[in-house]
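Undergrad: Before we start, here is the structure in question, set down as structure tokens.
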Amino acid sequence: MDSLSIPYAICLLSLLTICVCANGNSNLFNVLSYGASGDGTTDDSSAFTKAWNDTCKATSNPTLVIPQGKQFLVRQMIFAGPCKSSTIQVQLSGTILAPDGPDQWKATDLSTWLAFQGVNGLRIYGKGTMDGRGKGWWDRSCKYHPGLQGCITLAPTSLRFQKCDDIKMTDISFHNSPQTHVLLLGTQNVDLGFLNIQSPGTSPNTDGIHLLFATNVSIHDSNIADGDDCISIGDKTFNINITDINCGPGHGISIGSLGSAGESAQVENINVMRVNFRETTNGARIKTWQTGRGIVQGVTFSNLNFTAVANPIIIYQYYCYRPNACKQTKTGVHIKDVTYSGLIGTSKTEVAINLNCSNVVPCTGITLDNIRLASATREIGQLTSSCNNAHGINRGTIQPESCL
């Protein structure tokens, strides 16, 4: 190489390096670059909107960056798709704050704080936090304050995924949601893992994760504490695997309620395995309205551990909280092929196994397999089981003695 070629080569190499760096960074969309302050008090909603719009328009694996060490106040927002890239990443490392209570809520829609809608190939990670600052909503809840003038029946869900396919969310924390923390609505192929969901046990309707019209969902390796179900499974939900969860306080893991207002329910292939329930009001629960129709089938609860749980095993097909909504009907949701296997621990109530099935459509194919439950307190004494219109088989040791 001659002496003139060497400077030219060095210059060309520098230009190539600059281009590579620019192309690499061009797929990172940091909300700070769009004017977000991250001071916890300034409204950063506009910056988030602009950053998302550019992220969604990018064509090759873009990443929306919400950096650590910052607190971003963000009002109600929908991150809408479809996006151009087949994979969209959200690096949530900082904290996102909701408006502080209903008096600071400016949107007319009270149902949702943040939502992803029609976004496929979504990856959310980064050990960040979503803080719903729900206390102001709870203090005005009609459920807990029915006589309060201007009480609130609907409060925002912190994060909703609607009509989104191929979702993976890991290592995110959710604190103090006004109502449900995470909602899957009309989604499929979802992996939620290593989540930390925390709200007081006294907070109303703060389900950890609620599924509705959801298919092929894995929820695993997570800690959930709230004032309602740790995980609740709604209608038209199929192929759900729930594993390695710590649940409590809360209302346990529930299928239902299903069949409200005479609706037809369909829930199939639900597997709940290796869950620790601590001081929850329920453990493994299935609940339906007696006016409902449809079917729940192919359910397995296995290797569950209960510590001072009020209702470790419960099927309740007479769920009702609205006046004049519980009249006797000739319909019912058929619960069939449900297995309880390898369940151990302690119960805070005398009836540790309660299978209260429909008097119109009895439960069939119930299996109790190696269950060992003892009293959590001396005051209760010997535990019992109770069956109403429940049919099935027993395997191994069943304590308390089975009523099947």
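The values are calculated or read from the model by the stated rules, or taken from the named source; none is laboratory data. Remember, predicted model here, so these are calculated numbers, not experimental data. Neighbour counts run over all protein chains shown; Cβ positions are idealised from the backbone, glycine included.
Undergrad: Please tell me if Pro156 is in the same structural domain as Gly101 (by TED's automatic domain parsing) and either more than 23 Å from Asp235 (Cα to Cα) or polar (S, T, N, Q) (or both).
TA: no
Undergrad: So, one more: In the range 177-198, what count of residues is obtained for those that are surrounded by 22 or more Cβ atoms within 10 Å (Cβ to Cβ) and either among the aliphatic types (A, V, I, L, M) or under 15 Å from Asp229 (Cβ atoms) (or both)?
TA: 11
Residue by residue, here is whether (1) farther than 17 Å from Asn205 by Cα; (2) modelled with pLDDT under 95; (3) within 18 Å of the chain's Cα centre (by Cα) holds:
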| position | (1), (2), (3) |
| --- | --- |
| Ile255 | no, no, yes |
| Gly259 | yes, yes, no |
| Gly262 | yes, yes, no |
| Thr288 | yes, no, no |
| Ser302 | yes, no, no |
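Undergrad: Of all residues in the range 360-402 being modelled with pLDDT of 95 or more and basic (Lys, Arg), which is farthest from Ile314 (Cα to Cα)?
TA: For the range 360-402, the residue satisfying everything is Arg395.
Undergrad: If we scan the range 376-384, do we find a residue that is free of Cβ contacts under 8 Å to residues at least 12 places away in the same chain and either within 27 Å of Thr291 (Cβ to Cβ) or in the same structural domain as Asn305 (by TED's automatic domain parsing) (or both)?
TA: yes
Undergrad: With part of a loop (DSSP other than H, G, I, E, B) and either in contact with a helix residue (DSSP H, G or I) (Cβ under 9 Å, 6 or more places away or on another chain) or at pLDDT below 95 (or both) as the only criterion, which of Leu154, Leu148 stands out?
TA: Leu148
Undergrad: Okay, moving on. Just one of Arg123, Arg133 is among the basic types (Lys, Arg), touching a residue at least 40 places away in the same chain (Cβ under 8 Å), in the same structural domain as Met169 (by TED's automatic domain parsing) and more than 17 Å from Asp43 (Cβ to Cβ); which is it? Write out each step before concluding.
TA: Numbers: Arg133 fails: more than 17 Å from Asp43 (Cβ to Cβ).
Matching residue, one of Arg123, Arg133: Arg123.
Undergrad: Quick one: which of Gly294, Gly345 is surrounded by 18 or more Cβ atoms within 10 Å (Cβ to Cβ), in the same structural domain as Ser264 (by TED's automatic domain parsing) and either under 24 Å from Ser264 (Cα atoms) or of a type in the set (Ser, Thr, Tyr) (or both)?
TA: Working: Gly345 fails: either under 24 Å from Ser264 (Cα atoms) or of a type in the set (Ser, Thr, Tyr) (or both).
Unique residue meeting the criteria: Gly294.
Undergrad: In the list Asp244, Asp191, Asp221, Asp207, which residue meets the criterion of being in contact with a Phe, Trp or Tyr (Cβ under 9 Å, 6 or more places away or on another chain), without any contact (Cβ under 8 Å) to a residue 40 or more places away in the chain, within 17 Å of Ile172 (Cα to Cα) and not assigned by TED's automatic domain parsing to the domain that holds Thr280?
TA: Working: Asp244 fails: in contact with a Phe, Trp or Tyr (Cβ under 9 Å, 6 or more places away or on another chain); Asp191 fails: in contact with a Phe, Trp or Tyr (Cβ under 9 Å, 6 or more places away or on another chain); Asp207 fails: in contact with a Phe, Trp or Tyr (Cβ under 9 Å, 6 or more places away or on another chain).
Exactly one of Asp244, Asp191, Asp221, Asp207 is in contact with a Phe, Trp or Tyr (Cβ under 9 Å, 6 or more places away or on another chain), without any contact (Cβ under 8 Å) to a residue 40 or more places away in the chain, within 17 Å of Ile172 (Cα to Cα) and not assigned by TED's automatic domain parsing to the domain that holds Thr280, namely Asp221.
Undergrad: Related question: Residue check: is Ile371 more than 22 Å from Gly259 (Cβ to Cβ) and crowded, with 21+ Cβ neighbours inside 10 Å?
TA: Spelling it out, Ile371 is indeed more than 22 Å from Gly259 (Cβ to Cβ) and crowded, with 21+ Cβ neighbours inside 10 Å.
Undergrad: Working carefully through the options Cys387, Cys320, Cys363, Cys403, find the one that is closer than 27 Å to Lys143 by Cα and either among the hydrophobic types (A, V, I, L, M, F, W, C) or more than 28 Å from the chain's Cα centre (by Cα) (or both).
TA: Details: Cys387 fails: closer than 27 Å to Lys143 by Cα; Cys363 fails: closer than 27 Å to Lys143 by Cα; Cys403 fails: closer than 27 Å to Lys143 by Cα.
Only one candidate passes the filter, namely Cys320.
Undergrad: Another question, then. I'd like the residue in the range 130-172 that is buried (at least 18 other Cβ atoms within 10 Å of the Cβ) and polar (S, T, N, Q) and, out of all such residues, is farthest from Pro82 (Cα to Cα).
TA: Ser141
Undergrad: Can you confirm whether Thr108 is of a type outside the set (Asp, Glu), part of a loop (DSSP other than H, G, I, E, B) and without any contact (Cβ under 8 Å) to a residue 24 or more places away in the chain?
TA: yes
Undergrad: Right, here's the next one. Examine the range 114-122 for a residue that is touching a Lys or Arg at 6+ places or on another chain (Cβ under 9 Å), crowded, with 21+ Cβ neighbours inside 10 Å and among the small types (Gly, Ala, Ser), and state whether such a residue exists.
TA: yes
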